Amino acid sequence: PNQPKNNLVKITDFGLARSLKISSISNNSSIIPKRYCALEILRNNDQSSYTEKSDVYSMGVLIWEALSNSEIPYSYIADDNQVVRAKLDNERLNKPLICDRQLWTLMTSCWEDEREWRPNFEEIKERLSVIKPSEVSDIREPISLPPTGCAFKLNVDVSRNGLLGGKFRKIYEAQWMLDKGTGSIVLIEINEAPTDYEVLFYKERDNHQHIINTFGFVENNFRSIMLLQERAPYGHLQELLKKHVFEPTPMVLINIFSQIIDAMIYIVNKGMIHGDLRCSNVLVFQMDSSKPKENFIKLTNFALARPNKSSLLEDKRLTISVEYCAPEILRSVGRLNYSELSDVYSMGILMWEACSQGKLPHGSSISNKEIRQKKLNGEILPRSWMCDRQIWPIIKKCWENEPESRYKFQVLQTKLSSINLEPGQIVYDAEWMRKKTSPIVLIVINTETAEREASFYIELSSYKHIVHTFGLVKNDPRSTILIQERAPHGNLLTLLKRQRFKPSTKILVAIFSQIVDAMIYIIEKDIIHGDLRCANVLVFKMNQLETKENLVKLTNFALTCTNDPSFINNRQTSISIRYAAPEIVASRSQSNYSELSDVYSMGILMWEACSQGEIPYGIGTSENDIRRRKSTGEKLPIPNEWNEQISSIIKDCWYMESQLRYNFNDMMKRLSNVNIE
């Protein structure tokens, strides 16, 4: 490659060739190579537009492409029709990063708007023969030490043990020597110099709970760069999923995704991006397939980290992963168009991979060239049957062809947090096979207390404001399956948040009265619901004008128990701190359930409904902060414009001392006396 005379190329593909003298048979505009062709062809596309000078224009683009490492012209624009508009608006290609001044002058002369001003091929050949480009080294110099120096020394501070694995970089088990440190560690062997941005991450950007902790570089006698990091006891997420060591529920996956996105929000706020999001770059420190809060992960591998600038030219020698990267990066061969939104695209692939139990995107039998073409054609991965139906639309939004149409990480976090997945339950559409009646769903309950939960559904299902359960389905003995009536409008929270239902105060009072009516019935059965919130209210009829045309029913008995304050919730189902009464939050054993703890939650439910589905205490507030605020008696804000009587009822639900709260019978009387003007 360094000897010009030792190179020989031949031109091919004459599919669009035509005679300059004989009229073309077809002027089909759909086959025009819009990114490469001359401006006059884009304007007219007639026989007179095709000349030697139109090929000269394309020759200029060819030279640019060769000097840009085969980057697709105008790679930052996805739609070819938008490329046409940009070219006709005189938007030129940028100068390649490694480009001789004389070659750049030749290229720009090929792109003259007036074709008469362009050189012909004889002139191009002559100009190329006299150009003597300056020597530009494109070979990375080997280095024996990282640019920051070494904080540790091998066999003095740490010892290297057996090889653990590593596809791109070898990972060794390591051990602190003497009293140099504590905790499990690994040594990562880097065969070539890390980029400045990767080093920057290890120096300044790893101060986040969901980013791998890096101790520093290790001096050694193996003429290689060694990086010392904490060790994840379970390895990386992709391997755990693929080997079925870890089979997380949708709720657990959402928790894991939220942790990754939390790290990405931190990274983006620091002006950087990761560049290579995938399950194999997620390390697992704690895992539990059914308990979301018992999972803890950290992001690793910052080899492709770089500033959050889509126009920044980067090192073209770095290998990109076609399966995971965004289409705009494929159009630029990995050197341009990296941004927060390209990382969002990769986050979508990561989520798909996790929801597919570690399945390789696009499979192993397809070539990178085929994957590249699929992505450039706008094709996306199919939904896995294991992927939750509420997660899937969020994943698809990450894969919008135009980067600006994708969610940013902050919005992605909000969307994931708004998903309502009942713990331990999976809901399927269903239909009767022998008789036609009301629409139904199948509820699959996988929790340890499934039979107990099912018994509450069946015992309470005869009441008008409680979801009707037809009975149990005989199937897998490991699961409990219920047949229930289907709510045509879904749950109240989703309707409110999506602005599909904007009930007036009069309608809200009617809805609250129906919920309280259900609670009075439940209390009479000496039972506590345990999880009152808008997400657990199903809407069967809704009308923003007519009070009597609204019908809601209570559902989700995962936390339901008998009316016994000494009851201890030792189930897998977690309580929701946002909705639970202070006496439950303060109890380590999650006891103190009573009618009055449900009254407190009813107050939160009413606040949530009056706020058009706003999340209590805000989306970014940690559970520890909510615990603290509840323990000090802090209450949610109530706007002055709300109905005064409704506001008073809500406030009276939130007394710290449970005995000061009204019971549900008293609440029903107060709701019936609300004056609606």
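The values are calculated or read from the model by the stated rules, or taken from the named source; none is laboratory data. This one's a predicted model, so the numbers in the text were calculated from it and none came from an experiment. For neighbour counting, all protein chains shown are included, and Cβ atoms are generated from backbone atoms with ideal geometry for every residue, glycine included.
Across region 487-542, the number of residues qualifying as of a type in the set (D, E, K, R), assigned to a helix (DSSP H, G or I) and more than 21 Å from Ser462 (Cα to Cα) comes to 2. Each residue in region 347-383 was checked for being among the β-branched types (Val, Ile, Thr) and either closer than 18 Å to Tyr407 by Cβ or at pLDDT 90 or above (or both), and 2 pass.
Before we move on, is Lys359 on the phi < 0 side of the Ramachandran plot and outside any loop (DSSP other than H, G, I, E, B)? Here the answer is no, as Lys359 does not meet what is asked.
Within the span defined as region 565-579, every residue fails to be modelled with pLDDT of 85 or more, out of contact with any helix residue (DSSP H, G or I) (no Cβ under 7 Å at 6 or more places or on another chain) and over 23 Å from Leu496 (Cα atoms). When Arg160, Arg118, Arg169 are checked against the criterion of being modelled with pLDDT of 90 or more and not assigned by TED's automatic domain parsing to the domain that holds Leu42, a single residue qualifies: Arg160.
Scanning region 165-198 for residues that are part of a helix (DSSP H, G or I) and within 11 Å of Arg231 (Cα to Cα) yields no hits at all. Return a yes/no flag: does region 589-601 have any residue that is more than 29 Å from Lys415 (Cβ to Cβ), aliphatic (A, V, I, L, M) and part of a helix (DSSP H, G or I). Checked against the condition, which is being more than 29 Å from Lys415 (Cβ to Cβ), aliphatic (A, V, I, L, M) and part of a helix (DSSP H, G or I), region 589-601 yields at least one hit.
The residues in region 403-436 that are modelled with pLDDT of 90 or more and among the acidic types (Asp, Glu) can be counted, and the count is 1.
Considering region 607-677, the qualifying helices (runs of 4 or more DSSP H), each wholly inside and each with 2 or more residues that are modelled with pLDDT of 95 or more, run over 644-652, 664-672.
Within region 66-90, residues that are assigned by TED's automatic domain parsing to the domain that holds Met107 sit with their Cβ atoms under 8 Å from residues that are of a type in the set (Gly, Ala, Ser) and in a loop (DSSP other than H, G, I, E, B), at 6+ positions apart or across chains, in these pairs: Glu71/Ser332; Ile72/Ser332; Ser75/Ser332; Tyr76/Ser310; Tyr76/Ser311; Tyr76/Ser332.
Scan region 488-506 and tell me whether some residue there is of a type in the set (Gly, Ala, Ser), buried (at least 21 other Cβ atoms within 10 Å of the Cβ) and either farther than 25 Å from Met668 by Cα or assigned by TED's automatic domain parsing to the domain that holds Asn665 (or both). No, because not a single residue in region 488-506 is of a type in the set (Gly, Ala, Ser), buried (at least 21 other Cβ atoms within 10 Å of the Cβ) and either farther than 25 Å from Met668 by Cα or assigned by TED's automatic domain parsing to the domain that holds Asn665 (or both).
Reported count of residues in region 42-90, each being of a type outside the set (A, V, I, L, M, F, W, C) and more than 34 Å from the chain's Cα centre (by Cα), is 19. What are the residues in region 269-297 that are more than 20 Å from Ser356 (Cα to Cα), touching a residue at least 60 places away in the same chain (Cβ under 8 Å) and either crowded, with 24+ Cβ neighbours inside 10 Å or among the acidic types (Asp, Glu) (or both), if any? If the condition is that a residue be more than 20 Å from Ser356 (Cα to Cα), touching a residue at least 60 places away in the same chain (Cβ under 8 Å) and either crowded, with 24+ Cβ neighbours inside 10 Å or among the acidic types (Asp, Glu) (or both), then Ile273, His274, Gly275 are the ones that fit.
Of the numbered criteria (1) touching a strand residue (DSSP E or B) at 6+ places or on another chain (Cβ under 8 Å); (2) at pLDDT 90 or above, the one Asp206 fails is (2).
Residues checked against (1) under 21 Å from Met351 (Cβ atoms); (2) crowded, with 19+ Cβ neighbours inside 10 Å; (3) out of contact with any Ser or Thr (no Cβ under 9 Å at 6 or more places or on another chain); (4) of a type in the set (Val, Ile, Thr):
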residue: Tyr202; (1), (2), (3), (4): no, yes, no, no
residue: Ile225; (1), (2), (3), (4): no, yes, no, yes
residue: Lys242; (1), (2), (3), (4): yes, no, yes, no
residue: Ile267; (1), (2), (3), (4): yes, yes, yes, yes
residue: Leu299; (1), (2), (3), (4): yes, yes, yes, no
residue: Pro307; (1), (2), (3), (4): no, no, yes, no
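All of Glu314, Glu323, Glu328 fail the test of being modelled with pLDDT of 90 or more and assigned by TED's automatic domain parsing to the domain that holds Trp352, apart from Glu323. Exactly one residue out of Gly613, Gly633, Gly603 is surrounded by 15 or more Cβ atoms within 10 Å (Cβ to Cβ) and over 18 Å from His529 (Cα atoms), and it is Gly613.
Of all the listed residues (Ser49, Ser23, Ser54, Ser29), the sole one being closer than 25 Å to Asp79 by Cα, out of contact with any His (no Cβ under 9 Å at 6 or more places or on another chain) and modelled with pLDDT under 80 is Ser29. Filtered by the rule that a residue be surrounded by 23 or more Cβ atoms within 10 Å (Cβ to Cβ) and over 38 Å from the mean Cα position of the chain (by Cα), region 507-547 gives a lone residue, Ile522. Just to be sure before I move on: is Pro133 of a type outside the set (Gly, Ala, Ser), over 28 Å from Phe285 (Cβ atoms), over 39 Å from the mean Cα position of the chain (by Cα) and modelled with pLDDT under 85 in the structure I sent? Yes: the conditions hold for Pro133. Of the residues making up region 488-528, those that are under 21 Å from Ser611 (Cβ atoms) and small (Gly, Ala, Ser) are Gly490, Ser504, Ala510, Ser513. Kindly check whether there is at least one residue in region 459-473 that is farther than 22 Å from Gln390 by Cβ, in a loop (DSSP other than H, G, I, E, B) and in contact with a His (Cβ under 9 Å, 6 or more places away or on another chain). Yes, the conditions are met somewhere in region 459-473.
Restricting attention to region 453-487 and to residues that are among the polar types (S, T, N, Q) and under 18 Å from Val537 (Cα atoms), the residue that is modelled with the highest pLDDT turns out to be Thr469.
Here Asp343 clears all of (1) in a helix (DSSP H, G or I); (2) out of contact with any helix residue (DSSP H, G or I) (no Cβ under 7 Å at 6 or more places or on another chain); (3) among the acidic types (Asp, Glu) except the condition numbered (2).
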